[in-house]
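Each reported figure results from applying straightforward, stated rules to the coordinates on display, with no laboratory input. Note that the coordinates shown come from a computational prediction; the quantities given were computed from them, not determined experimentally. Here Cβ is always computed from backbone atoms with ideal geometry, including for glycine, and neighbour counts include all displayed protein chains.
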Amino acid sequence: MPALHVNDELLDQYALGTLPEERVAGVEEHLLVCEACQSRLDASDEFAMLFRAASVQPDARPQRSWRAFWNHRAANWTVASAAMLAILLLVAGPFREPQMAPATVLMQSLRGPDAPAQVAAGRPALLVFDLVPSPGVNEYEARIVNPVGVEILAAKVSSKDGRLAVLVERLPPGSYWVRVFRSDNREPIAEYGLRAK
Ligand SMILES: [Zn+2]
């Protein structure tokens, strides 16, 4: 386990969503690999939920708990609110900046979470996977989740030069998992670490 854990103050800020943006990537990278801090985030998240409940209107719906995503990461990423977030990011994206040519990034499944592929945060990237389409299977989907399991993006995977690829628009800085699915299978066929910085 990494020696330097995330301190309480940063963890609370992360849970509350008030952590300065330049600190987020570091915290998320640590959370990816440290179960101790994941558990502490659970506790911190409960604090954040109480804090929110106390500080917003009584009829406001509490925000979705990240804890559920930690515990059921593999099963729960199709939750509607996460999909809404993905749609908002995709819809909001093109209006902020003029179109840029995407950088091509080769995604290799042998690279572990310690050596993720890197993209420039906020810029489009074409992720090319080290996967060859199976004969007779035309539909693949890629889903990008953040370290707390919230789905950031879901997109149809296309074939480029005999390889599977997906265009990603403007990921915020941070660490992510990219999972590739066959449309006829709910289990990912491959998973990759990705860092945007
Ligand atoms: Zn830790």
* **Ellipsoid equivalent to segment 104-185 - semi-axes via the Cα gyration tensor, in Å** => 21, 14, 13
* Structure fact -> Each label sits 7 Å from Cα toward the beta-carbon; between V132 and D184 the label points are separated, in nm, by 1.9
* Asked: Tell me, what ³J(HN,Hα) does each residue in segment 25-30 have, in order and in whole Hz, if you take phi through Karplus 6.51 cos²θ - 1.76 cosθ + 1.60 with θ = phi - 60° and put x for Gly and Pro?
  -> 4, x, 5, 5, 4, 5
* Asked: If r is the Cβ-Cβ distance from E139 to K197 and R0 is 30 Å, what FRET efficiency results, to the nearest 0.05?
  -> 0.45
* Asked: About the Cα centre of segment 124-197, what is the dipole size in debye to 20, counting +1 per Lys and Arg Cβ and -1 per Asp and Glu Cβ, all else neutral?
  -> 220
* Structure fact -> Residue by residue through segment 131-141, the couplings from Karplus 6.51 cos²θ - 1.76 cosθ + 1.60 with θ = phi - 60°, in Hz, x for Gly and Pro, are 10, 9, x, 6, x, x, 9, 9, 10, 10, 9
* Structure fact -> Counting only residues 5 or more apart in sequence or on a different chain, those whose built amide H sits under 5 Å from that of R123 are R170, L171
* Near the amide H of I189, under 5 Å away, which other amide H atoms are found, from residues 5 or more places off or on another chain, if H is placed in the peptide plane? -> V180, F181, R182
* Cβ-Cβ FRET estimate between K160 and A43, R0 fixed at 35 Å, reported to 0.05 -> 0.20
* Asked: Each residue of segment 165-179 in order: what ³J(HN,Hα) in whole Hz does its phi give by Karplus 6.51 cos²θ - 1.76 cosθ + 1.60, θ = phi - 60°, with x for Gly and Pro?
  -> 8, 9, 8, 10, 9, 6, 6, x, x, x, 10, 9, 10, 10, 10
* Structure fact -> Amide H contacts under 5 Å for K160, restricted to residues at least 5 apart in sequence or on another chain and with H modeled in the peptide plane, are A165
